[in-house]
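Okay, so here's the structure we're looking at.
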Amino acid sequence: MAEEPSAPKRHKLVGHKNFKRHNPMSDRFAMHGFHHVEFWCGDATTAASRFSVGLGMQLIAKSDLSTGNKSYASYVLNSNDLTFVFSAASYRPAGEDDAGSSAPFPAHDPSAMRAFVDKHGLGVRAVGVTVDDAKQAYEASVANGGRGVLPPTDLGGGVVIAEVSLYGDVVLRYVSGVDDDAKKTFLPKYADARPPSTAAPLTYGLRRLDHAVGNVHDLIETVDYITAFTGMHQFAEFTAEDVGTVDSGLNSMVLANNNEFVLLPVNEPTFGTKRKSQIQTYLEQNDGPGLQHLALKTDDVFATVRAMRAHGGGRGGFEFQAPASAEYYRDLKARVGEDALSAEQFAQVQELGLLVDRDDQGVLVQIFTKPLGDRPTVFIEIIQRVGCARAPEPETDGALPEREQAAGCGGFGKGNFSELFKSIERYERTLEV
């Protein structure tokens, strides 16, 4: 007998000061971490090339006309455990069958891909997470209120994917059965596109996706929906009083899986301020809810940002938001503590226009790019987390792996939201949105 959907729990905003972090280990199925993020775009070649230069990511796999895929072009970039996919519908003469046997994602409909780009511009279509069993994850999700988008689909070689609606036109994609051999070409039916082994890989030091942030109209409704079908728990919370400026604000909840390496913050706009919230601007420019930004983790934020700046602007990469005010850097040590970073690191923070925050566990250093495409919608956050070393679970043979960093170490920049908002507000004024 199919499992009856659980009655959704109505979450309540209590504010950062009143929120008590607790991990109930409530996942409905095992989620291990982010597997990949897929962007849908108008031209996959151009988008992949720009992100490669902008973020220091290496082309590792492809599926296009050269591999027999007549439905769409798709290129895979990688940097350590971070994987981005860029896909765009191919031109098909009227009357031809869009489905190609060589297409790695047989359910990708070129018409739907074009409609997505027409509506949203460059944007994230799928957030992929690794699970033990994509079929079981899909069935548990749908049984608990998840809106199924793609039923479990065998891609070959034991790899199975399935998709459930996350918010707007963004899907949560379950991936299972990917072994070390399959990782070399991302997924079945992708062709290896790695450079010769003699070539030095392009890298700016990005390690993995830390969190993926969505903007929606109704925060509580969305959080109730996601937690009901996944079992994820609330990891952090911020209200307009915690993070807003006199001009605009937001409410936000951060959702996490059991091991807390799948972090999904969700934002909603607030109203009644001098200017409309940046979240509302996003919702208008994106034509509905969607993924606002991706936080990419590095072990050396100074080196990563220097490399990005060297390739930014007119050199093909991305530009960063304007740095914080002089008062911000003047008061920074007093706010986060003299021991948060070394004197040299504090100097580099100001030189590079970075932001620093601290919670009761560790330190967060962060910076945000300007929007990545023509619309003021999706952007990138570069972060380094300092501290929070913990002993991981023993291996199956009893061996103890190296200590790892606890997820979310240093928080999510609560103390920097005001400066970030001011920077975005200044940028938006140049766009008249």
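Residues that are at pLDDT below 95 and surrounded by fewer than 23 Cβ atoms within 10 Å (Cβ to Cβ): list the helices (runs of 4 or more DSSP H) wholly contained in the range 149-255 that include at least 1 such residues.
Working: elements: 180-183, 219-230, 240-243.
Once the helices (runs of 4 or more DSSP H) in the range 149-255 are filtered for at least 1 residues that are at pLDDT below 95 and surrounded by fewer than 23 Cβ atoms within 10 Å (Cβ to Cβ), what remains is 180-183, 240-243.
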Among Gly68, Gly56, Gly42, the single one that is surrounded by 15 or more Cβ atoms within 10 Å (Cβ to Cβ) and on the phi > 0 side of the Ramachandran plot is Gly56
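Kindly indicate the residue of the range 2-34 that is hydrophobic (A, V, I, L, M, F, W, C) and either modelled with pLDDT of 75 or more or touching a Leu at 6+ places or on another chain (Cβ under 6 Å) (or both) and also surrounded by the fewest Cβ atoms within 10 Å (Cβ to Cβ) among those meeting that condition. Full working, then the answer.
First pass over the range 2-34, keeping only residues hydrophobic (A, V, I, L, M, F, W, C): 2, 7, 13-14, 19, 25, 29-31, 34.
Subsequent filtering for residues that are either modelled with pLDDT of 75 or more or touching a Leu at 6+ places or on another chain (Cβ under 6 Å) (or both) retains 13-14, 19, 25, 29-31, 34.
Working: Leu13: 18, Val14: 11, Phe19: 18, Met25: 9, Phe29: 20, Ala30: 15, Met31: 24, Phe34: 24.
Taking the candidates together, the pick is Met25.
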Only one of Thr281, Thr304, Thr298 is farther than 24 Å from Gly411 by Cβ and polar (S, T, N, Q), namely Thr281
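Which of the residues spanning the range 58-80 are among the hydrophobic types (A, V, I, L, M, F, W, C) and closer than 29 Å to Asp133 by Cα? Step through it out loud before you land on a result.
Taking the range 58-80 and keeping what is among the hydrophobic types (A, V, I, L, M, F, W, C), we get 59-61, 65, 73, 76-77.
Across the range 58-80, the qualifying residues are Leu59, Ile60, Ala61, Ala73, Val76, Leu77.
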Taking the range 207-237 and keeping only residues that are in contact with a helix residue (DSSP H, G or I) (Cβ under 6 Å, 6 or more places away or on another chain) and either farther than 22 Å from Leu172 by Cβ or of a type in the set (Val, Ile, Thr) (or both), one is left with Val216
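The values are calculated or read from the model by the stated rules, or taken from the named source; none is laboratory data. Model, not experiment: these values are computed from the prediction. Don't worry about glycine lacking a Cβ; one is built from the backbone with ideal geometry, like all the others, and counts go over all protein chains shown.
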